[in-house]
Structures are given as structure tokens and as C-alpha cells.
Amino acid sequence: MAKREKHGLVPHLVVSGAAQAVEFYKTALGAVEIARMTAGDGVRLLHVELKIGDASLFLCDDFPEHCGGVSRAPRPGGPSVTLHLDVDNCDAAIARAAAAGATVSVPATDAFWGDRYGKVTDPFGHEWSFAHPLRKAA
């Protein structure tokens, strides 16, 4: 893999079914796959880099055998982190994610802080929020 210059924070998700997650993120979020490394078993993914808008996202399959037998993928009850995307159209972003298989947890609404805001949970247990600024009437 070529050396790349990185700046800023890059979320790194652990999922059960990374190959399916990659396809979901492409469909639901418009992600572009930058790099992929397959594990020695030829099935699971050691590392995937995706680009969503201007941001990078890393993900990999769950490897409990390398973590003392403990799974690191989200379980029922959900993750403790929400991944946020600023988008041009919150309603359209939520509809796209839902059409790809996400569950809408907070429908798009005009939030008190001045954004149109909503949330979904993806099929892999990760929570995503979307927002765009509301325009003030002149």
C-alpha cells in the first residue's frame, strides 16, 4: 500500500461482515473505496479505507481471536459513538440510508440549534447523524 499523508481524526469501525458494510456505505452514503486488504482466510477484511465526502473512514471485520476471544463489533444496545455527516439535504441523506437498509431512529426535524437533523442506525450497529443548516428567512 502506498504511503499516504493523513491529517485529522479518522474513525475506524469494527463490524461483523465488513464486505457487506462496504457495499452498504457505498449505496447509503456515497462512499468511495480507496483501499482493501483481505485477511489470510480470504474472506474477512483486515482493513478498508473509504472516502465519504472529504472524510476518510476505516473499517475492518471483527477478529475476536486476536482480542482475547472478545468481539469488538457493536452488540444490541448500540454503540457509544455517533458518526456525523454534514450534508446538503438531511432528508435526502436519511432516505438514501433507509433505502439501503438503515433504520431511522430520529426522523429529520428542524432542530432548535438551527439545523435540519436526523439519525439512522446502519445494519452493522453503527449510528449515523445527518444535518444541514436551516436558512433564515430574509
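The values are calculated or read from the model by the stated rules, or taken from the named source; none is laboratory data. Small disclaimer: the values here were computed from a predicted structure and weren't measured. Here the Cβ positions follow ideal geometry from the backbone for every residue, glycine too, while neighbour counts run over all protein chains shown.
Over 29 Å from Pro133 (Cβ atoms), at pLDDT below 95 and not assigned by TED's automatic domain parsing to the domain that holds His126: is that true of Asp54 in this structure? So that I can check it myself, show each step before the final result.
Values: over 29 Å from Pro133 (Cβ atoms): no; at pLDDT below 95: yes; not assigned by TED's automatic domain parsing to the domain that holds His126: yes.
For Asp54, the condition - over 29 Å from Pro133 (Cβ atoms), at pLDDT below 95 and not assigned by TED's automatic domain parsing to the domain that holds His126 - is not met.
Determine if region 72-79 includes at least one residue that is in contact with a strand residue (DSSP E or B) (Cβ under 7 Å, 6 or more places away or on another chain), among the charged types (D, E, K, R) and surrounded by 13 or more Cβ atoms within 10 Å (Cβ to Cβ). Write out each step before concluding.
Of region 72-79, the ones in contact with a strand residue (DSSP E or B) (Cβ under 7 Å, 6 or more places away or on another chain) are 72-73, 78-79.
So of that shortlist, the ones also among the charged types (D, E, K, R) come out as 72.
From what's left, surrounded by 13 or more Cβ atoms within 10 Å (Cβ to Cβ): 72.
For region 72-79, residues in contact with a strand residue (DSSP E or B) (Cβ under 7 Å, 6 or more places away or on another chain), among the charged types (D, E, K, R) and surrounded by 13 or more Cβ atoms within 10 Å (Cβ to Cβ): present.
Let's see how each residue does on (1) assigned to a strand (DSSP E or B); (2) in contact (Cβ under 8 Å) with a residue 40 or more places away in the chain; (3) not charged (D, E, K, R):
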site	(1), (2), (3)
Leu13	yes, yes, yes
Gln20	no, yes, yes
Phe24	no, yes, yes
Met37	yes, no, yes
Gly42	no, no, yes
His47	yes, no, yes
Leu50	yes, no, yes
Leu57	yes, yes, yes
